[in-house]
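Chemist: Before anything else, here's the structure in question.
Nothing in this text is a laboratory measurement; each read-out follows from the coordinates by a stated rule. Only a predicted model underlies this, so the values are computations on that prediction, with no experimental measurement involved. When we count neighbours, we look across all protein chains shown, and the Cβ atoms used for this are built from the backbone with ideal geometry, even at glycine.
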Ligand code: GLA
């Protein structure tokens, strides 16, 4: 009897082993359960991502899954910029922005419009008459009003917040001498905010810029916001882009910058977060308009990010989130500029064709150590 039992067990156990192996092959173990970012930070701020057409036309299935799982706010990377949505005087192209807005609505997300007034990605015709001469202040104001009413008006009540003006300041805190500034004058910001408010009184309106962590630029930003507020402009928040390097800005600079704008009674939005891990050829503080040839030294991680760098990136993200969490009362939203590493503009800027690793999800959509580093920062 005993022998029989033993023999049965010898037969049963190997058979179970085979079944287990088969089961493991047929039903691979569920991926390790990650909490959704939007749930981890639900009591702190919204978690956003900048989307490209692959996301909102739902061609990039993996990207769509990540966005739907982890994010509760979206910003379009490009399709609402003037050059794309209003390429010719009498032609608007709303096919892509319509899809973008519907994508967010179907998922109950906070939808951000980016951007109504910028010196980049704005066609030349906006500033010129038929002979190529600069238009008058009145004509440009009229064009600005028409553009804002048409674009912000179309999504009235559906786009919840607008980056009304993007990047009006120089690195030293003075006003950028853009065509907007030169033709309309320093009050172009005030005018743009009023038009946007009239077009959609329910939308929150923001001023958005990069490198406001530079003390001089931050001081210029604070002055600018004070002037807008003194003029009675309905500004709800400031966007700190946060296109960061591994060692810039410092935690202290980020902390001081958030505090400076929060002290003005504004909500702070981190609007374009990423961390560039590749070598730069410009110094922080310079306007990074460089285009240099790519050498292997400038593109060192084509085969993958070494573990030590991956860990350093995770540490960098953790320290940034510690600052954001410290200011959770002032911060409304933290938006990443892209979803997975392969999407990022930093693969092509400031040089074309590099392999960069600036975000939380790798090229195959897998969460990187930086993901757990920021969720651990919440504990
Ligand atoms: C700026 C703009 C964004 C985008 C990024 C880089 O920060 O505000 O719209 O163009 O640069 O992709």
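Chemist: Once fully extended, how much extra length lies between residue 309 and residue 129, figured as 0.36 nm per residue of separation less the alpha-carbon to alpha-carbon distance? Walk me through the intermediate numbers first.
Modeler: Numbers: separation 180, 0.36 × 180 = 64.80 nm, distance 5.17 nm.
So the extension gain works out to 59.6 nm.
Chemist: Here's another thing I want to ask about it. Using 18 Å as the cut-off for backbone N distance, which residues of region 225-267 belong to the label zone defined by a point 7 Å from the Cα of residue 280 along Cα→Cβ?
Modeler: What the label zone holds, given the 18 Å backbone N cut-off, is 240-258.
Chemist: With the crude spin-label approximation of a point 7 Å out along Cα→Cβ, what separation in nm comes out for residue 139 versus residue 35?
Modeler: 5.8
Chemist: Now a separate question. So for 344, 372, 364, fewest C-beta neighbours within 10 Å to most, what's the order? The partial results should precede the final answer.
Modeler: On the way: 344 21, 372 15, 364 9.
Listed from fewest to most nearby Cβ atoms, that is 364, 372, 344.
Chemist: Related question: Please give the Cα centre distance for region 312-379 versus region 88-139, rounded to the nearest Å.
Modeler: Their Cα centres are 28 Å away from one another.
Chemist: With n ≥ 4 as the cut-off for DSSP H runs, can you work out [θ] at 222 nm for the chain, using -39500 (n - 2.57) per run divided by the number of residues, rounded to the nearest 500?
Modeler: Numbers: 13 runs with 152 residues, N = 379.
Theoretical 222 nm ellipticity from helices: -12500 deg cm²/dmol.
Chemist: For the Cα atoms of the chain, what angle does the longest principal axis make with the long axis of helix 215-230, in degrees from 0 to 90, nearest 10?
Modeler: 60
Chemist: By what distance, in whole Å, do the Cα atoms of the chain stretch along each of the three principal axes, largest value first?
Modeler: Per principal axis, max minus min of the Cα coordinates gives 103, 43, 39 Å.
Chemist: Can I ask one more? Would you mind getting me the FRET efficiency between residue 378 and residue 68? Use the beta-carbon distance for r and R0 = 22 Å, nearest 0.05. List each step's numbers first, then the result.
Modeler: Details: r = 21 Å, r/R0 = 0.95.
The computed FRET efficiency comes out at 0.55.
Chemist: Taking the Cα atoms only, what angle lies between the long axis of helix 137-154 and the longest principal axis of the chain, rounded to 10 degrees?
Modeler: Orientation of helix 137-154: about 30 degrees from the principal axis.
Chemist: Still on this model: How would 136, 178, 73 line up from fewest to most surrounding beta-carbon atoms within 10 angstrom?
Modeler: Numbers: 136 12, 178 18, 73 22.
Neighbour counts put them in this order, fewest first: 136, 178, 73.
Chemist: Once you have all Cα-Cα distances for region 117-158, histogram them in 10 Å bins from zero and send the whole-percent values.
Modeler: Result returned by the calculation: 27, 48, 21, 4.
Chemist: Among 309, 81, what is the fewest-to-most ranking by other Cβ atoms within 10 Å?
Modeler: Details: 309 15, 81 18.
Ascending Cβ contact count within 10 Å gives the list 309, 81.
Chemist: In whole Å, what is the distance between the alpha-carbon centres of region 267-281 and region 168-238?
Modeler: Cα centroid of region 267-281 versus Cα centroid of region 168-238: 21 Å apart.
Chemist: Going 7 Å from the Cα of residue 262 in the Cα-to-Cβ direction, what parts of region 312-345 have a backbone nitrogen less than 14 Å from that spot?
Modeler: Counting only backbone N, you get 321-334.
Chemist: Follow-up question, since we're still on this one. Quote the FRET efficiency, to the nearest 0.05, computed for residue 198 versus residue 248 with a Förster distance R0 of 56 Å and r equal to the Cβ-Cβ distance. It would help to have the intermediate numbers written out before the result.
Modeler: Numbers: r = 39 Å, r/R0 = 0.70.
Efficiency at R0 = 56 Å is approximately 0.90.
Chemist: On C-alpha positions alone, give me the angle between the axis of helix 61-70 and the longest principal axis of the chain, in degrees, nearest 10.
Modeler: Relative to the chain, helix 61-70 is tipped by roughly 80 degrees.
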